[in-house]
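Participant: Below are the structure tokens for one structure; questions will follow.
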Amino acid sequence: MPRELSAYHRQVAATNRVAILDAAADLFLELGYDRTPLARVAESAGVSKATLFKQFPTKAELFEATVLAAGGTPDREFADPPPGDFHAGLVALGLAYADLLSRPRVEDLMRTLIAEAPRFPDLRARTFDFGTLPVLAALKRYLLAETGSGDAHVDDPDVAAPQFLGMISTVVFWPRLVHGNWSLTDEETLRVVDEAARTMVARYGVRVSL
């Protein structure tokens, strides 16, 4: 039976993992998948090759983890909006999502993933719908909370949440991925999120009769 790692060794492993993923992201973007040697990743991360292989035995596993980490690890924590104002909560989560989509590394890694799509069909499906992003989980929790409070009626958060995020990414992210010079001001992004939130409220909000 394997011995459980101490808290210290778990922390070292977590620190090494972050360093490896950061180094891998930089090299995959600079060199592409085929031309990125794992030995170079280990060197850039400041870890041994044995340490790298212990966490990521193959380049494919490292690439998958790198792409998912770029979209799944927020730079800052964000609290779930309190129920009670359906529109305001959706706007808050929508802006957090738009902010995540604006990160250069997310955009660049998605381009790399598109180029490598034949190798990673499952990863492409999971990443393109952003199913691993914390904001999606937070949105599902919020839709359930609003439904529980009586301000919304969402039968299936697994359907409603991607609907909302899709309305945002269609304008904020995908045009920029295809056309490199596409950009929105903060005001334009807010308008996109606000319109998406209003659409969700119209579809799922509960109107109170006076």
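Participant: So which residues in region 47-104 are more than 30 Å from G148 (Cα to Cα), in a helix (DSSP H, G or I) and modelled with pLDDT under 80?
Facilitator: Listed by number, the residues that qualify are V67, L68, A69, A70, P104.
Participant: How many residues, within region 175-196, are part of a helix (DSSP H, G or I) and either more than 17 Å from Y97 (Cβ to Cβ) or open to solvent by 70 Å² or more (accessible area, probe 1.4 Å) (or both)?
Facilitator: Of the residues in that region, 7 qualify.
Participant: Another one. Which ones in region 1-42 are open to solvent by 70 Å² or more (accessible area, probe 1.4 Å) and touching a helix residue (DSSP H, G or I) at 6+ places or on another chain (Cβ under 8 Å)?
Facilitator: L5, R17, D22, D26, R40
Participant: Tell me which residues, restricted to region 149-158, are open to solvent by 70 Å² or more (accessible area, probe 1.4 Å) and outside any loop (DSSP other than H, G, I, E, B).
Facilitator: Matches in region 149-158: D158 only.
The values are calculated or read from the model by the stated rules, or taken from the named source; none is laboratory data. A quick note: this is a predicted structure, and the numbers were derived from the prediction, not measured. A quick note on method: Cβ atoms are made from the backbone with ideal geometry, for glycine too, and the neighbour counts reach across all protein chains shown. What goes into the accessible areas is simple: the full protein's heavy atoms, side chains included, and nothing from ligands, DNA or RNA. Shrake-Rupley method; radii C 1.70, N 1.55, O 1.52, S 1.80 Å.
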